[in-house]
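Peer 1: Below is a structure I'd like to ask you about.
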Amino acid sequence: QVQLVESGGGLVQAGGSLQLSCAASGITFSFYFMGWYRQAPGKQRELVTTTNWSGLTTYADSVKGRFTISRDSAKNTVYLQMSSLKPEDTAVYLCNVRKYDGSTTYWGHGTAVTVST
């Protein structure tokens, strides 16, 4: 059974930093895209960043230069380092793992991030 468990969310002041973690069990990261999405209250879920087995990464324009995705294959964990946080970054952040051919997708339950002014 595949499980994705996020952690690291919380309350932070604008300009601060947080690191989110997503620990996966039941799968290995080979040939999977790993990513973070977020959903703010009243808004649609949006893609924040992805990375794949070769280290290729993509970022939403709104987080480029501030957020960094990384992974530790030995720990089966993907991280999201968030810096220079803004109030508009407030959302529930969800971990997503998708097989390279799109046949299988898994979601975590999310971790809440609140950025105060």
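Peer 1: What's the Kirkwood radius of the range 8-65 in Å, using all Cα pairs?
Peer 2: One over the average 1/r among Cα pairs gives 13.5 Å for the range 8-65.
Peer 1: Given a 1.4 Å probe and heavy atoms of the protein chains only, how would you sort S83, S54, S7, largest accessible area at the top?
Peer 2: Largest to smallest exposure gives the sequence S54, S7, S83.
Peer 1: For L18, L85, L47, write out the residues from largest to smallest accessible area, computed with a 1.4 angstrom probe and no ligands counted.
Peer 2: In descending accessible area the options line up as L47, L18, L85.
Peer 1: Bin width 5 Å, origin at 0, all Cα-Cα pairs of the chain: what percent of pairs per bin?
Peer 2: 2, 12, 24, 26, 19, 10, 5, 1, 0
Peer 1: Sticking with this one: Could you sort E88, E6 by accessible area so the largest value comes first, with the probe set to 1.4 Å?
Peer 2: Largest accessible area first, the list is E88, E6.
The values are calculated or read from the model by the stated rules, or taken from the named source; none is laboratory data. Keep in mind the model is a prediction, meaning the values are calculated, not measured. Just the protein is used for accessible areas: all its heavy atoms, side chains included, with ligands, DNA and RNA removed. Shrake-Rupley method; radii C 1.70, N 1.55, O 1.52, S 1.80 Å.
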